[in-house]
Every structure is written in structure tokens, then in C-alpha cells.
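Novice: Below: one structure in C-alpha cells.
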Number of protein chains: 2
Amino acid sequence: MDPKTYNLAIVGYGGMGSYHVQLIEPIERLTVAGVFDIVDYRKELAAAKGLQTYDSLEAVLSDDKVDIVLIATPNDVHKTIAIQALRAGKHVVCEKPVTVSSSELLEIMETAKETNRVFMVHQNRRWDEDFLIIQDLIAQKKIGEVFRVESRVQGANGIPGDWRQLKAYGGGMLLDWGVHLLDQLLLLTGSRIDSVAAELSFILGTEVDDGFTSHIRFKDGLTAVIEVGTTNFVKLPRWYVKGTEGTTVIRDWDLSGETVAINPDVAKVEPTPIQAGQGLTKTMAPPSEESTLRSPIEKAQSTKASFYDNLVSVIEGAAEPLVKNEEVLRVLRLIETIFEAAEKRAVLKDLEL
Amino acid sequence: MDPKTYNLAIVGYGGMGSYHVQLIEPIERLTVAGVFDIVDYRKELAAAKGLQTYDSLEAVLSDDKVDIVLIATPNDVHKTIAIQALRAGKHVVCEKPVTVSSSELLEIMETAKETNRVFMVHQNRRWDEDFLIIQDLIAQKKIGEVFRVESRVQGANGIPGDWRQLKAYGGGMLLDWGVHLLDQLLLLTGSRIDSVAAELSFILGTEVDDGFTSHIRFKDGLTAVIEVGTTNFVKLPRWYVKGTEGTTVIRDWDLSGETVAINPDVAKVEPTPIQAGQGLTKTMAPPSEESTLRSPIEKAQSTKASFYDNLVSVIEGAAEPLVKNEEVLRVLRLIETIFEAAEKRAVLKDLEL
């Protein structure tokens, strides 16, 4: 008997919904059963691509051939649709941010448990090459013990002009991009969080944040800066990571960057003062060329399954989910803590995070 | 009658003391009268350069031909020497950080007033070209209203191996380099400070900070990140400045960098999504080439007098000091606030700063 092919229906056929069609195409055990969107022209777009369309969410949920529902709607309705779909016996994949609050996710998780269905959040950036490289770097101590991680995503386009600018729809950069960067960060250490400070940016005059800066200190001493901006015409590096034996920079998604590390074969040389501006400095003089080693960014060695291959295995009980709901819940709680720290303008400590 | 030439004696002939000899050489109205240092070999070094040497601080202060005393000793003795010199009728120039606490500076300022002598702190980095460029950029609104200033100095040499590692001597990076970056920052806006948050770094295991990150919010809405590091094998840009119409980056003291600004002649174009890592993004897609203008860093147009030319004018009552003691006092109070914020791990608000 051939292994079963699972039918997936897409709810919400905007930018991400249509992107998922491409993601699913190479997955042997998955096929797109059809598309539903509340906007007619999006259904027409889907039909023009040869996809079946549904007239209502109810039509999707009552279609027995649908095994999996993918939710790629605005964030505010993720919870309602997810719970309906689970109760209709479907497995559910949900776009990020999974919900606007951790309590909403808890409701979904309980429903998934009750209905014995799989619920998995599409935290796709756990598969980003730049992230996997940093994960390897830290795990393999390539620059010694890492004590500082700075992870930034910056653009100059403002917030795209749709529901992402609106609070009621779960808009804003902390929820949109913050959820990726914070999710990645929490995978870089096994430590609990010690304190959180944050500042939201409202330069563009939107009701939601157009960016943010957060400082997160872990109990093991690691400190992190997580920053998103949409008013940045020049970008700071995507990753800036300091270890006891060197610094690694990945400048952009093109993986340009380098590692500069202490050369263990050369005794430390007292630096020679340099003229810098209107003064001399020994402290800020460069290390001598011999005392450091420069190397390009090395490819990550990850062999983990793709998101959708993993989903099929999880549905069949053959693997643990690569995105665990408890992990996603922790990220949402961290986001809530960041909102609170920014609003109170305080460093939040004694956290259960 | 020829204008008077002032005789300056150097107290403390380390790296900075000897550097001042070079600074004074081109100043017509100033000459180096001699050098005192408590370390014999430093006096020998000075003598070998043809400089007169003194056997004691008292010998300097009782030499009637000495008009000005330059203090370039470790930080902990600045106050005592400054007050002695002022009381001996000398004008005083002092290296930075002027004192380890604001109360010490207040004592000096009172003594300068009583004795009617000039006391000026050598905040030489007010003349740094990179700083003058940023000052012009903001004053001339070249990138619109500036709402974010990030100013960083980073090296990989640790703290130079002398008194700068010791608390009792006023060591540590906040006092050493912080005093420059904070002094520059306060000259970029007329606004009072609204809040301060900070984190000190103790990676190297010294008793003083080997670097720090501080977040300063001004009442006019400007936010600033001031950061110094000595464990950074790759540097983040020296200046990263965001305005409502563009971003300016100065990468290093070599003044490499650029301004990328909105092209006012091109209507805003909706960005095209790009593939970035394992996802699509419209928000973080680059603006189209036509919609922005790139320009190299322009030279500053400053015509201000040099530190020592200004000193002579101030002594003669012909000019206001370019480094005012009240400004230096405010910087010290800000440093004290940063120490307090870091220690309490709190955002300090309702400041009189």
C-alpha cells in the first residue's frame, strides 16, 4: 500500500498563503486540497492558479478529504479558526505570530489535546541558514563561550500598508518580526531569562510599534539585543555575536560576514597606540594582524527535516514536532513581557520565563 | 609689545602627558615649561626630549614662570592637584575624566571661582571630525529630524594593563571612553534627559567595567545608544544615526560611511517582496534604487578654535571656553546615573539632568 497523501486546505490566500503552495509542492506526502479567503479576488487568484476554492470556512471544515488546515489569515482570527478546525477533526498549521496573546495559544493547545490533533506553528525562520550557522557556532564553541548575541532585522519600507498597521489585527513589528527573532534566540541557550528591558518605536505614527529594541539577560549571563526597525535606510548586521575567543558577524541573508578570533598560536601583543580623531588610543587600536585569525562564514551542518516533512511524521506519530507548542508559548510570554517592560519603562526581573 | 607667551607645566608624563607636548608645539602663545612625574624613568624620558623636569609637584607650583598646569595623571588625584595648582595661582588644564565624581568637580569649580583662575577639561573629542560631521548633520537637518543616535567605540584589546583596570584610580571604560561619547551626545541636543538604562560588562574579570551599553532617552523624544566594548573583534559602526528622511553611518575614524536618504523627487513605491532565508518579506525588502539617494560622508564645516588657542583666549578674557565646566559636570552626573542604573538594573526616570 502506498503511504497516505495528506490534503491541506489553505485559509487566507494573501502573501503567505500563496507562498505555502510553493512550500508544499515538493513535499511528496502533501497536496493542496483547496483555498478559502474572505476576499473574492484572492479566490479568483487561487482559481487562476488551478487551485480548488471553497465558498466558506464551513465548507473547508466539512470537507472530509481535508486532513490539514493551514491558517494564514490576519493574526486576530488565528485562535477562532484553529479551534474550529481542530474540533472538526483537522490537523492545523498556523502562521506566526500564532496568536496575539499567550492565553489564546493555551486555549488552542488544550483543544488540540482534547481532539488529539496536531497543531504546529510555522516558525519557518528556525530553518534560516543564518540562524543555523549561529546555532552551530554556539554549540560548537567556535568563538569560545558566547556571552553576547545581537540579532537585528532592519528595513526602510515602514510597515506594509494593510492590517499589519492595526492593533486589532495583531499588527506591529514586535509580533510580526519580533516573534521570529525571539523564537530563534530562545533556541540558542538552555537558560531561563533573568531580566527584560525594551523600547518600542512609534516614529511612523502608526497605532502599533514600527520597531523595537529589547535587552534580554539570561540567568547563565548571556545578554542579547533583539531589534527590529522599519525606518533604517542602512542596516546594522543581521547577527553580531561575541564569544570569549572572538566575534562573528553575519551581515545579511546573503550570509556575507566573517569571524575574527584570537590566534591561539600567537602570544598576546601589547597594542600600539593609534591616532583616532583628535586623540591617541591604545585601547581601541586594532589587534595586530598576526594575533587574530579571520575566516569566512561556514555553512551550517544541519540535516533536520523540512517543516512539512516533519509535520507528516508528527501526524503519523513518527517524530517529535520541530516546533513545539510549549516553545511557541514561551516566545509569546516573552513578547508580552517586552510589551510590559516598554510600557512601564522598567527592567522586569524575577521572571518565570 | 609682543603678546605674552604662556608657560605650561605638565604633571604626569605618561601616554597623554607626552602627547600634549605635540599638541602645544604648534600653538604660538604657549610653550612647555617643564614636566613632573612621580616615576623617575618618565622624567628621564622627558629630559631626553630636551624638556626641563621638576623634582616635585611643589617645585612646579612654586615656579613663578609657570602660568598653566596640565594634569595628565591617573584620575583619582586630578582633584587634589587641580585645587593645589589653582590655589598656587595657576590656570589648570585637566585630562578627562576630570574627576571620578561630580562632587569632586564641584570642589574644583568653586576653587577656580575663588582664585579667579581658568580651569578647563581637555575633552579633545569635541574636535573629532566624525563628531563634527554628525553635529552638522543634525543641525542642518540633512536627514530630517534625527530621532536616534547610536555611538559606539569598540576594540579587542581589553583594558590597557595599568591603573585603568583599577577602581581606586578611576579606571573602567565608562569613565575612560564613556566620558567622551556621552560628552559628544549631550552636545547634539538642547534637550534634558528623560530616562537612563544601562548595563556594564565584566567579561574580562577586572574590578572595573570592560565596556557598557547605555540607553538614554531625551525629553524631546531623541533616543540614544552609547556603547563601549573592549572584547569586540569586529566593530559595529562608530556612528549610526536615523532621521525622518534617512540614515547616516560613519563606520570608523577613517570617516568611511554613507548617507542613504529618501529621494524627494520619486513617489514612494510599494516594495517587492524578497526571499530572505526561509521566508518572503516585503517589510525588509530594500527600497528601490530610484527611491533613495546615496551620498558619501561630507566634511564638517567647523571653524572653531583649537583647544589650546581657545584656552589662551579664555585666560585673556577674550572668549568663552569651548569646554564649559557646567557641561563637564552634567556628563559626570550622567555617568553617575549610568552606574546607578546598571547597579540597580532599573530604568531611571524623573532625572534632573
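Novice: Can you pull out every residue in segment A:2-51 that is hydroxyl-bearing (Ser, Thr, Tyr), modelled with pLDDT under 95 and in contact with a strand residue (DSSP E or B) (Cβ under 6 Å, 6 or more places away or on another chain)?
Specialist: A:Tyr19
Novice: For segment A:166-183, check the following and say yes or no: at least one residue is crowded, with 22+ Cβ neighbours inside 10 Å, within 10 Å of chain B (Cβ to nearest Cβ) and more than 30 Å from A:Val39 (Cβ to Cβ).
Specialist: Within segment A:166-183 (the criterion being crowded, with 22+ Cβ neighbours inside 10 Å, within 10 Å of chain B (Cβ to nearest Cβ) and more than 30 Å from A:Val39 (Cβ to Cβ)), the answer is no, since none of the residues qualifies.
Novice: Return the residues of segment B:255-305 that are within 22 Å of the chain's Cα centre (by Cα) and closer than 19 Å to A:Arg251 by Cβ; say none if nothing qualifies.
Specialist: Taking segment B:255-305 as the starting set, the residues that turn out to be within 22 Å of the chain's Cα centre (by Cα) are B:255-257, B:297-305.
Scanning segment B:255-305 gives B:Ser256, B:Gly257.
Novice: Looking at B:Leu280, B:Leu329, which is the one that is out of contact with any Asp or Glu (no Cβ under 6 Å at 6 or more places or on another chain) and either without any contact (Cβ under 8 Å) to a residue 12 or more places away in the chain or in the same structural domain as B:His215 (by TED's automatic domain parsing) (or both)?
Specialist: On the way: B:Leu329 fails: either without any contact (Cβ under 8 Å) to a residue 12 or more places away in the chain or in the same structural domain as B:His215 (by TED's automatic domain parsing) (or both).
B:Leu280 is the lone residue from the list that is out of contact with any Asp or Glu (no Cβ under 6 Å at 6 or more places or on another chain) and either without any contact (Cβ under 8 Å) to a residue 12 or more places away in the chain or in the same structural domain as B:His215 (by TED's automatic domain parsing) (or both).
Novice: Does at least one position in segment A:99-118 carry a residue that is within 26 Å of A:Ser306 (Cβ to Cβ), within 14 Å of chain B (Cβ to nearest Cβ) and among the charged types (D, E, K, R)?
Specialist: Within segment A:99-118, none of the residues are within 26 Å of A:Ser306 (Cβ to Cβ), within 14 Å of chain B (Cβ to nearest Cβ) and among the charged types (D, E, K, R).
Novice: Here's a follow-up. Test B:Glu245 against the criterion of being surrounded by fewer than 20 Cβ atoms within 10 Å (Cβ to Cβ), more than 26 Å from the chain's Cα centre (by Cα) and under 23 Å from B:Leu186 (Cα atoms), and give yes or no.
Specialist: Working: surrounded by fewer than 20 Cβ atoms within 10 Å (Cβ to Cβ): yes; more than 26 Å from the chain's Cα centre (by Cα): yes; under 23 Å from B:Leu186 (Cα atoms): yes.
When the stated conditions are applied, B:Glu245 passes them.
Novice: Also, quick follow-up: Would you pick out the residues in segment A:248-259 that are open to solvent by 30 Å² or more (accessible area, probe 1.4 Å) and closer than 17 Å to A:Val146 by Cα?
Specialist: A:Glu258
Novice: Could you say which residue among B:Val35, B:Val39, B:Val66 is touching a residue at least 40 places away in the same chain (Cβ under 8 Å) and farther than 25 Å from B:Ser101 by Cα? Give the derivation first.
Specialist: Details: B:Val35 fails: touching a residue at least 40 places away in the same chain (Cβ under 8 Å); B:Val39 fails: touching a residue at least 40 places away in the same chain (Cβ under 8 Å).
Among B:Val35, B:Val39, B:Val66, only B:Val66 is touching a residue at least 40 places away in the same chain (Cβ under 8 Å) and farther than 25 Å from B:Ser101 by Cα.
Novice: Given the condition among the aromatic types (Phe, Trp, Tyr), at the interface with chain B (Cβ under 8 Å from one of its Cβ atoms) and open to solvent by less than 10 Å² (accessible area, probe 1.4 Å), answer yes or no: does some residue in segment A:137-151 qualify? Break it down stepwise before answering.
Specialist: First, pick out the residues of segment A:137-151 that are among the aromatic types (Phe, Trp, Tyr): A:147.
Still in the list and also at the interface with chain B (Cβ under 8 Å from one of its Cβ atoms): A:147.
Next, only the ones that are open to solvent by less than 10 Å² (accessible area, probe 1.4 Å) stay: none.
For segment A:137-151, residues among the aromatic types (Phe, Trp, Tyr), at the interface with chain B (Cβ under 8 Å from one of its Cβ atoms) and open to solvent by less than 10 Å² (accessible area, probe 1.4 Å): absent.
Okay, residues lined up against (1) of a type in the set (S, T, N, Q); (2) assigned to a helix (DSSP H, G or I); (3) touching a Lys or Arg at 6+ places or on another chain (Cβ under 9 Å); (4) within 22 Å of A:Thr31 (Cα to Cα):
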position	(1), (2), (3), (4)
A:Leu86	no, yes, yes, yes
A:Val98	no, no, yes, no
A:Met109	no, yes, no, no
A:Arg125	no, yes, yes, no
A:Ile134	no, yes, no, no
A:Leu137	no, yes, no, no
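Novice: Show the residue pairs meeting these rules: Cβ distance below 6 Å; 6+ apart or different chains; first residue within segment B:247-264 and at the interface with chain A (Cβ under 9 Å from one of its Cβ atoms); second residue buried (at least 20 other Cβ atoms within 10 Å of the Cβ) and of a type in the set (Phe, Trp, Tyr).
Specialist: Sorted first by the residue in segment B:247-264, then by its partner, the pairs are B:Thr247/A:Phe233; B:Val249/B:Tyr240; B:Val260/A:Phe233.
Novice: A follow-up question, please. Which count do you get for residues in segment A:197-215 that are open to solvent by less than 10 Å² (accessible area, probe 1.4 Å) and either away from every other protein chain (no Cβ under 11 Å) or within 16 Å of the chain's Cα centre (by Cα) (or both)?
Specialist: Taking segment A:197-215 as the starting set, the residues that turn out to be open to solvent by less than 10 Å² (accessible area, probe 1.4 Å) are A:208-212, A:214.
Filter once more, keeping what is either away from every other protein chain (no Cβ under 11 Å) or within 16 Å of the chain's Cα centre (by Cα) (or both): A:208-209, A:211-212, A:214.
Count: 5.
Novice: A further question follows. If you take the residues in segment A:38-57 that are closer than 13 Å to A:Gly12 by Cβ and hydrophobic (A, V, I, L, M, F, W, C), which one is most open to solvent (accessible area, probe 1.4 Å)?
Specialist: Of segment A:38-57, the ones closer than 13 Å to A:Gly12 by Cβ are A:38-39, A:42-43, A:45-46, A:53-54, A:57.
Checking the rest, the ones that are also hydrophobic (A, V, I, L, M, F, W, C) come to A:38-39, A:45-46, A:57.
Working: A:Ile38: 147, A:Val39: 47, A:Leu45: 89, A:Ala46: 0, A:Leu57: 19 Å².
Among those residues, the one meeting the criterion is A:Ile38.
Novice: Would you check if B:Asp252 is out of contact with any Cys (no Cβ under 6 Å at 6 or more places or on another chain), assigned by TED's automatic domain parsing to the domain that holds B:Thr223 and either more than 30 Å from B:Ala197 (Cβ to Cβ) or in a loop (DSSP other than H, G, I, E, B) (or both)? Walk me through how you get there before you give the answer.
Specialist: Details: out of contact with any Cys (no Cβ under 6 Å at 6 or more places or on another chain): yes; assigned by TED's automatic domain parsing to the domain that holds B:Thr223: yes; either more than 30 Å from B:Ala197 (Cβ to Cβ) or in a loop (DSSP other than H, G, I, E, B) (or both): yes.
It is true that B:Asp252 is out of contact with any Cys (no Cβ under 6 Å at 6 or more places or on another chain), assigned by TED's automatic domain parsing to the domain that holds B:Thr223 and either more than 30 Å from B:Ala197 (Cβ to Cβ) or in a loop (DSSP other than H, G, I, E, B) (or both).
Novice: Another question, if that's okay. What are the residue pairs meeting all of these: first residue in segment B:112-123, first residue over 15 Å from B:Asn75 (Cα atoms) and open to solvent by 80 Å² or more (accessible area, probe 1.4 Å), second residue part of a loop (DSSP other than H, G, I, E, B) and among the β-branched types (Val, Ile, Thr), Cβ atoms under 6 Å, and 6 or more apart or on different chains?
Specialist: Cβ pairs passing all conditions: none.
Novice: What single numbered condition from (1) touching a His at 6+ places or on another chain (Cβ under 8 Å); (2) at pLDDT below 95 fails to hold for A:Val93?
Specialist: (2)
Novice: Has segment B:72-82 got at least one residue that is open to solvent by less than 40 Å² (accessible area, probe 1.4 Å), out of contact with any helix residue (DSSP H, G or I) (no Cβ under 7 Å at 6 or more places or on another chain) and closer than 20 Å to B:Arg333 by Cα?
Specialist: Scanning segment B:72-82 turns up at least one residue that is open to solvent by less than 40 Å² (accessible area, probe 1.4 Å), out of contact with any helix residue (DSSP H, G or I) (no Cβ under 7 Å at 6 or more places or on another chain) and closer than 20 Å to B:Arg333 by Cα.
The values are calculated or read from the model by the stated rules, or taken from the named source; none is laboratory data. If you're wondering where the values come from, they're calculated on a predicted model, not measured in any experiment. Reconstructed Cβ throughout: ideal geometry from the backbone, glycine too, with neighbour counts over all protein chains shown. Just the protein is used for accessible areas: all its heavy atoms, side chains included, with ligands, DNA and RNA removed. Shrake-Rupley method; radii C 1.70, N 1.55, O 1.52, S 1.80 Å.
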